[in-house]
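Presented below is the structure to which this report refers.
Quick note: the coordinates plus some simple rules give every number you see, no bench work behind them. In this text, all values refer to a predicted model and were calculated from it rather than measured experimentally. Positions of Cβ are generated from backbone atoms using ideal geometry, with glycine treated the same way; all protein chains shown enter the neighbour counts.
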Ligand code: ADP
């Protein structure tokens, strides 16, 4: 069974992330969306909220799972015996960032491979921060994110 890990902040998960997950599931039997629990990085939603939004959003997507880690992504991948990390690419800026990230991961574990999927044109402008900006501008986000994210914002959990 081919298993991959899709690490990220998912703060919150967007339809752009879901698209990458679905592309990855054409290549891998199982993909674990790994929510980063990084106390040094300020997040809009708690790790529990982010995991809960992902859990709801991936219901019905065969092979998709969710977990979180406060440790290194590479350690998590090794723990579940996966050597593949999935990431998404939208722009040249993403490419530069991901190139450096791949380098860092390789320094920690040269046996890990990053596998990239290109953003769909429809979702290439979507980011978690853009979604948050739209919320603060009172704009509609329902076509950009799963229902669970709309609900979480409506509950007024974390507004900033
Ligand atoms: P991180 O803070 O680790 O970059 P993100 O949740 O912002 O976490 O993104 C996780 C991954 O998903 C990254 O590889 C990012 O480039 C990718 N990604 C984010 N939004 C999109 C999108 N709209 N289309 C394709 N890939 C995306």
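Listed values, structure above:
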{"item": "Proxy reagent accessibility, fewest Cβ within 10 Å first, across 152, 118, 53", "result": "118, 152, 53"}
{"item": "Inter-probe distance in nm under a simple model that places probes 7 Å from Cα toward Cβ, at residue 41 and residue 2", "result": "2.6 nm"}
{"item": "Residue-span extension gain [residue 99 to residue 121] - 0.36 nm each, minus C-alpha spacing", "result": "5.8 nm"}
{"item": "Label-point separation, residue 111 to residue 140 (7 Å along Cα→Cβ), nm", "result": "5.1 nm"}
{"item": "At R0 = 22 Å, FRET efficiency that the Cβ-Cβ distance of residue 92 and residue 133 yields, to 0.05", "result": "0.55"}
{"item": "Residue of 70, 127, 43 that the Gaussian network model of the chain assigns the largest fluctuation, springs spanning Cα pairs under 10 Å", "result": "70"}
{"item": "Fewest-first ranking of 72, 114, using other Cβ atoms within 10 Å as the exposure measure", "result": "72, 114"}
{"item": "Angle in degrees between helix 15-24 and the longest Cα principal axis of the chain, rounded to the nearest 10", "result": "30 degrees"}
{"item": "Residues residue 80 and residue 56, FRET efficiency given R0 of 35 Å [Cβ-Cβ distance, rounded to 0.05]", "result": "0.95"}
{"item": "The chain, helix-only ellipticity at 222 nm - DSSP H runs n ≥ 4, -39,500 (n - 2.57), divided by all residues, nearest 500", "result": "-11500 deg cm²/dmol"}
{"item": "Sorted by Cβ density within 10 Å, fewest first, the residues 95, 116", "result": "95, 116"}
{"item": "C-alpha long axis of helix 92-108 to longest principal axis of the chain, angle in °", "result": "40 degrees"}
{"item": "Gyration tensor verdict on segment 48-160 (Cα atoms; rounded if a/c is under 1.5, prolate if a/b is larger than b/c, oblate otherwise)", "result": "prolate"}
{"item": "Residue 155 versus residue 29: modelled label distance in nm, points set 7 Å from Cα along the beta carbon direction", "result": "3.4 nm"}
{"item": "Shape category assigned to segment 23-94 from the gyration tensor of Cα positions, a/c cut at 1.5", "result": "rounded"}
{"item": "Nearest 10 degrees, 0 to 90: helix 47-57 Cα axis against the chain principal axis", "result": "90 degrees"}
{"item": "Rel. contact order, % - alpha carbon contacts under 8 angstrom, at least six apart, the chain", "result": "31 percent"}
